[in-house]
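The next block holds one structure in the form of structure tokens; read it before the comments.
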Amino acid sequence: MPHFLGLDSSTQSLSAMILDTDSNEIIWDHTINYGSDLAEFNSPNGFLHNDDPLVKCSDPLMWLAAIDRLFEAAKTASIDLSLIEGICGSGQQHGSVYLNEAFFEGISLDGPETLAEQMRPCLSRHEAPIWMDSSTSVECQEISTAAGGDERLVEISGSRAIERFTGPQIRKFYKNNAKAYDDTRRIHLVSSFICSIMSGTDASIDFGDGAGMNLLDIAEGQWSDTLVEATAPDLKEKLPTVVNSGSLVSTVSTYFVENYGFNSHCEVYTFSGDNPCSLVGMGASTPGTAVISMGTSDTFFAAMSRPVTDPQGYGHVFGNPAGGFMSLIAFKNGSLAREKVLEKFDLSWAQFETAILSDTAAGNSGNMMLPFYEPEITPNTQTARVELHGDAAFTNWENASATVRAIVEAQALNIKIHSAWIGETPTTIRVTGGASQNDGILQIFADVFQAELQRLAIGNSAALGAALMAANANGAAWTELIAQFSKTDPATIKPNPTNKELYQEMEKRFKQFISEGS
Ligand code: XUL
């Protein structure tokens, strides 16, 4: 009975999923929440308070304390970790960990102390900037200028310079703290840092997560000299090597054998980012099926048969852990904006659903909204833009049901418009995240995209994807793994073909509203 472990070190928690590929069962699915389980790190939402709202950093020692806490919980639950044959993992993308010379010895983890205690002296920077940080606009500009412009950056790395991406974050650290930058000998992503810990070695970065750094030449699969030089001096020697996701790193660190009973033969494979892992876990690693993740922010991602880039510069190209490439587009105004409408009219989620399914019809009688409660990243609006266009009751905020439909129609149209550059219209969309439980929201997305919407039967697609990557690296075939574990809920949402033209017309009007105010 071979067991495989997938870890997901995400913004707010660390999760583990253990699969048995003989019985096709999930043996253990457990989460350590940073805010509630590790309150001593003062990070209720996974990051440290900063007076500057643009700055978002986490304590990397908290991520390590969570690993010890997780395997303690496995012991308590009598989970036999010696049955695990392979480990892979997922990390929140873009975040970076800065390590000094001591790291190369310290990573063997042969001391008696906890992971956090052993790694503390190896940090050259005590905070790790994470993907929520958007304080690097100046550095993005500088990198873009030095590298020959945004178009060139997109051509090389698959993305223009993006505030949350690792390269601009590294440049900011180098500019603000040259001495600590100089003392830094290794810069890891969250994924490659946690992989280093699990393997007790200085692990590589994979193409999936590496592409979210503004440093990788995605066609060559190598760090780009142009981008590395445009970012910070002597950076290349501080970066790990870059390899395929799921490559063999080594056997598990003796720390886990001695403290938690792992088998010394258990293998560790190169980790990836949470979105690439989720692509696999959602069973969407081949083109034709896209994924929309409806969380705090919404993301759209899909496997690509060839690496097309977004001419408008909003979308990104990352490596697909199952081979080839994937697209990813992030939209800041997801659940956050939907909740604003809910609160404004004091509705429950059940009423929100009824407003769509029973009280209003496709097209919303001509009423439309611009739904950007926070400055949006796709499209780039420098300020919040909430605008109502339509009849008097609607524009005076007197029609709750029409406003509910308006925000969801606007979000669906916005995602459709800004994912069109991928050029592969999905016939099936798999949905995940809190809002994907709402049939009203899903019906609008099905109609706008004219695609069938499916929910995954298992939550936490990133940890699942990581466990599947471990099983695949150990020899199991993708098709079988996905058929066994990435099962969808039989209740799918089908598009209504009579709404197709209506939404095509709305798409044109929506584009016009966006461009009018910008
Ligand atoms: C993707 C992104 C987020 C993080 C957090 O570009 O920034 O989805 O990976 O999970």
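Read-outs throughout are calculated quantities, based only on the coordinates presented, and are distinct from any laboratory measurement. Only a predicted model underlies this, so the values are computations on that prediction, with no experimental measurement involved. Every residue, glycine among them, receives a Cβ derived from its backbone with ideal geometry; neighbour counts consider all protein chains shown.
For segment 85-93, putting each phi into the Karplus relation 6.51 cos²θ - 1.76 cosθ + 1.60 with θ = phi - 60° gives couplings of 9, x, 10, 9, x, 10, x, 3, 6 Hz, in residue order, rounded to whole numbers and with x for Gly and Pro. The ranking of Asp489, Asp217 by Cβ neighbour count inside 10 Å, starting from the fewest, reads Asp489, Asp217. Computed extension gain for Ala361 through Thr492, at 0.36 nm per residue and net of the alpha carbon distance, reaches 45.2 nm.
Taking amide H as placed 1.01 Å from N in the peptide plane, the amide H of Ala476 sits under 5 Å from none that are at least 5 places away or on another chain.
Taking Cα pairs under 8 Å and at least six residues apart, what relative contact order does the chain come out at, in percent? Worked out over the chain, it gives 15 percent. Selection among Thr498, Tyr373, Leu456 by position relative to the dipole of the chain gives Thr498 as farthest towards the positive end (Cβ unit charges, Cα centre). Charge tally around Ser159: other residues with Cβ under 14 Å, Lys/Arg +1 each, Asp/Glu -1 each, net -4. How far is helix 500-517 tilted off the main Cα axis of the chain, in degrees rounded to 10, range 0 to 90? For 500-517 against the chain, the angle is about 80 degrees.
Coupling constants for segment 300-313 follow from the phi torsions by the Karplus curve (6.51 cos²θ - 1.76 cosθ + 1.60, θ = phi - 60°), and in residue order they are 10, 8, 7, 5, 10, 7, 9, x, 7, 10, 7, x, 7, x Hz; glycine and proline get x.
For segment 3-275, the fraction of C-alpha pairs more than 35 angstrom apart is 14%.
Applying the Kirkwood pairwise sum to the alpha-carbon positions of segment 69-169 produces a hydrodynamic radius of 17.0 angstrom. The simple spin-label model puts a point 7 Å past each Cα toward its Cβ; for Met1 and Ile26 those points are separated by 1.8 nm.
Expressed as a fraction of 2.2 N^0.38 Å, the C-alpha radius of gyration for segment 119-271 is 1.10.
Shown for Ser144, Ser419: other C-beta atoms within 10 Å of each C-beta, ranked fewest to most, produce the order Ser144, Ser419.
A prolate overall shape is assigned to segment 202-268, the ratio a/c of its alpha-carbon gyration tensor axes (a ≥ b ≥ c) being 1.5 or greater and a/b exceeding b/c.
Here the convex hull built on the C-alpha positions of the chain has a volume of 139 cubic angstrom per residue. Ordered by the count of other Cβ atoms within 10 Å of each Cβ, fewest first, Ser335, Ser272, Ser58 give Ser335, Ser58, Ser272. Using C-alpha pairs under 8 Å with a sequence gap of at least 6, the mean separation divided by the residue count of segment 3-275 gives a relative contact order of 21 percent. What the phi angles of segment 165-170 give under the Karplus curve with 6.51, -1.76 and 1.60, with θ = phi - 60°, is a coupling list of 5, 5, x, x, 5, 5 Hz, glycine and proline written as x. Projecting the Cα positions of Leu227, Ser78, Ser204 onto the charge dipole of the chain (unit charges on Cβ atoms of Lys, Arg, Asp and Glu, taken about the Cα centre) puts Leu227 furthest along the positive direction. Each Cα pair under 8 Å and six or more residues apart adds its sequence gap; the mean of these over the residue count of segment 324-457 is a relative contact order of 26 percent.
Please give me the summed charge of the neighbours of Asn380: other residues whose Cβ is under 13 Å from its Cβ, Lys and Arg +1, Asp and Glu -1.
Charge balance near Asn380 sits at -2.
Taking the helices alone, the chain has a mean residue ellipticity at 222 nm of -10500 deg cm²/dmol, built from -39,500 (n - 2.57) per DSSP H run of at least 4 residues and averaged over all its residues. Put simply, the amide H of Gln93, placed in the peptide plane, has neighbours under 5 Å in Asp274, Asn275, leaving out anything fewer than 5 places away on its chain. Near the amide H of Leu456, within less than 5 Å, lie the amide hydrogens of Val431, Asp489, all on another chain or at least 5 residues away, with H placed in the peptide plane.
Just to be sure I understand: of the beta bridges DSSP finds with both ends in segment 3-275, what percent are antiparallel, rounded to 5?
That works out to approximately 70 percent antiparallel.
Projecting the Cα atoms of Ala330, Asn320, Thr299 onto the charge dipole of segment 252-396 (Cβ charges, centred on the Cα centre) puts Asn320 farthest toward the positive pole. Ranked by the mean number of other Cβ atoms within 10 Å of their residues, highest first, the peptides 166-178, 114-126 come out as 166-178, 114-126. Could you compute the net charge surrounding Ala470? Neighbours are other residues with a C-beta less than 11 Å from the C-beta of Ala470; K and R count +1, D and E count -1. Value of the local net charge: -2.
Let me know the charge dipole size of the chain about its Cα centre in debye, to the nearest 20, where only the beta-carbon of Lys, Arg (+1) and Asp, Glu (-1) is charged.
880
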